[in-house]
1. When the residues of the range 22-43 are filtered to those that are polar (S, T, N, Q), free of Cβ contacts under 8 Å to residues at least 12 places away in the same chain and out of contact with any Pro (no Cβ under 8 Å at 6 or more places or on another chain), which remaining residue is nearest to Ser8 (Cα to Cα)?
2. Please specify each residue of the range 58-87 satisfying the condition of being hydroxyl-bearing (Ser, Thr, Tyr) and in contact (Cβ under 8 Å) with a residue 12 or more places away in the chain.
3. Suppose we filter the range 108-138 for residues that are among the hydroxyl-bearing types (Ser, Thr, Tyr) and farther than 30 Å from Leu73 by Cα; how many remain?
4. Mind counting the residues in the range 98-128 that are charged (D, E, K, R), closer than 18 Å to Ser83 by Cβ and assigned to a helix (DSSP H, G or I)?
5. What helices (runs of 4 or more DSSP H) lie completely within the range 14-97 and have 3 or more residues being within 18 Å of Ser115 (Cβ to Cβ)?
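Read-outs throughout are calculated quantities, based only on the coordinates presented, and are distinct from any laboratory measurement. Note that the structure is a prediction, hence the values are computed from the model and not measured. Ideal geometry is used to build each Cβ from the backbone, glycine not excepted, and the neighbour counts take in all protein chains shown.
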Amino acid sequence: MGKTRELSEFERGQIIGLWKGGRTYEAISRVLKFPKSIITDTIVQYKNFNTGLTAKRTGRLCSMDNNDHYKLLKIIKKSNKLSLDEIKQKFHSSQDKKVSTKTIRKNLHQMQIYSRVAAPKPLLTESQRENRLSWCIE
């Protein structure tokens, strides 16, 4: 059995049932045609947590690791006024990995780095300028 396939609940139940019936690990392995390591892991999991189930997988693996985060942070600290596309190009030139702009943005957000753009504000009117100047002089 390869590492890509998980045991079904039924298969885990068979392993635990044969073990409770008094069979040895080798006998269970011969009967069910699973490697002894899988039999051992399933029974240890059952003994420790009173269930034969493994923990749920959380989904896809992260495409960027801590080294990639460090490189990304270095790019941002060097020049913090770059656009996302420019950051992506610099990251691609420094790393062998090719990641999308969405992935870079998501990882920047995980590192608590967000983009901020100042809101446009209207210019002061002539009367506001005079009021501001007269207040400073007094």
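1. Ser37
2. Correct list: Ser63 only.
3. 3
4. 3
5. 66-78, 84-94
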